[in-house]
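One structure below.
The values are calculated or read from the model by the stated rules, or taken from the named source; none is laboratory data. Computed from a predicted structure; not experimentally measured. Cβ placement follows ideal geometry from the backbone for every residue including glycine, while neighbour counts extend to all protein chains displayed.
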Amino acid sequence: MQDKDFLDLRERARSIRDMYSEQAGRGRFSALVMGLRGSGKTSFVCTGPRPILIDSFDPRGTVVVERMYPEEVAKGDILIRRWWDDSTKRPRVFREWLAQWEKDIRTGFLNHVGTYAIDSYTTFQDALANMLGTQGKSAKLEPGALAQSAYQPLYATVLDVVKMTSTQDCNFILTAHTLPTQDELTGEIMIDIDAFSRMRSKLPAMFTEKYVMIVEAGASESKHYILTRPYRKYIASTQLGAGGTFDLKEPPDIKAMLRKANMPDDDKPSLFEED
């Protein structure tokens, strides 16, 4: 091999190494957080680094945030955008959200927040299905129903959103509701993500962290936990917590989990510093 060829190979290898180091150095993570309604998923989001931006698709889903963190909501350390007033007959919410999200990506706005959350995937999917369902009017489908040809655009849109959001310099949390499903091979009842059937495998595959929020009744009060590994009928997994870094049941605290995984948990500057 000529010296010039060797130098070229070394330069290309250095470029790959530096690119990886730059991405890894961001120290951000993405997590799919699943659980029953009222299990504390939205509250869990609010334990992340500030500022926090929540795109809420669940009707009145942020009431708990407004009650628990009124001062931070007022100051703008926790920002909430409401996207839940959609209609199957005149769907508009997903188009409006998509335009805003694309602007956030294009301008780098998400790089200035510590934690970004879509809450929740289940109602986010409903809004997208409402929009795509209008394409089925010529086939005389019911409002909000999907033509068979609309499923692939739905899958592609969701996966593109997750991929692009995961590249931003912020922690990304996607919450989702759960429902019981039956394993086709064993017949065992498991708790899985509430999503269209193909998305039940595609969506979790986009995240290294797949957590399940559970609530256990205590002597005096119920306790909330994050499951990081499979447990009974629940399906969860972690790469950050591999090798015993995370317990099976972790307290629902993003910053504490980041510290356990030796990742930065620092807040970013306020978006309203000059105020």
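Listed here are the residues, each with its yes/no results for (1) loosely packed, with under 13 Cβ neighbours inside 10 Å; (2) touching a residue at least 60 places away in the same chain (Cβ under 8 Å); (3) not polar (S, T, N, Q).
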{"position": "Glu72", "(1), (2), (3)": "no, no, yes"}
{"position": "Trp83", "(1), (2), (3)": "no, no, yes"}
{"position": "Arg90", "(1), (2), (3)": "yes, no, yes"}
{"position": "Leu110", "(1), (2), (3)": "no, yes, yes"}
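Please work out if Met164 is part of a helix (DSSP H, G or I), under 30 Å from Phe94 (Cα atoms) and in contact (Cβ under 8 Å) with a residue 40 or more places away in the chain. Spelling it out, Met164 is indeed part of a helix (DSSP H, G or I), under 30 Å from Phe94 (Cα atoms) and in contact (Cβ under 8 Å) with a residue 40 or more places away in the chain. The single condition among (1) outside any loop (DSSP other than H, G, I, E, B); (2) surrounded by fewer than 20 Cβ atoms within 10 Å (Cβ to Cβ) that Met263 does not satisfy is (1). Is it true that Tyr231 is surrounded by 18 or more Cβ atoms within 10 Å (Cβ to Cβ), within 26 Å of Thr122 (Cα to Cα), of a type outside the set (Val, Ile, Thr) and at pLDDT 90 or above? Taking the combined requirement at face value, the residue does not satisfy it. Within the range 48-64, can one find any residue that is among the charged types (D, E, K, R) and in a helix (DSSP H, G or I)? Scanning the range 48-64 turns up no residue that is among the charged types (D, E, K, R) and in a helix (DSSP H, G or I).
Among the residues making up the range 175-189, those that are closer than 13 Å to Gly35 by Cα and out of contact with any strand residue (DSSP E or B) (no Cβ under 6 Å at 6 or more places or on another chain) are His177, Leu179. Does Lys255 fit the bill of being of a type in the set (Lys, Arg) and part of a loop (DSSP other than H, G, I, E, B)? Here the answer is no, as Lys255 does not meet what is asked.
Per-residue answers, yes or no, for (1) over 22 Å from Glu102 (Cα atoms); (2) of a type in the set (Val, Ile, Thr); (3) surrounded by 14 or more Cβ atoms within 10 Å (Cβ to Cβ); (4) within 15 Å of the chain's Cα centre (by Cα):
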{"position": "Val158", "(1), (2), (3), (4)": "no, yes, yes, yes"}
{"position": "Glu188", "(1), (2), (3), (4)": "yes, no, no, no"}
{"position": "Met206", "(1), (2), (3), (4)": "no, no, yes, yes"}
{"position": "Met213", "(1), (2), (3), (4)": "yes, no, yes, yes"}
{"position": "Gly218", "(1), (2), (3), (4)": "yes, no, no, no"}
{"position": "His224", "(1), (2), (3), (4)": "yes, no, yes, no"}
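Assigned to a helix (DSSP H, G or I), touching a Ser or Thr at 6+ places or on another chain (Cβ under 9 Å), at pLDDT 95 or above and not small (Gly, Ala, Ser): is that true of Trp97 in this structure? No: the conditions fail for Trp97.
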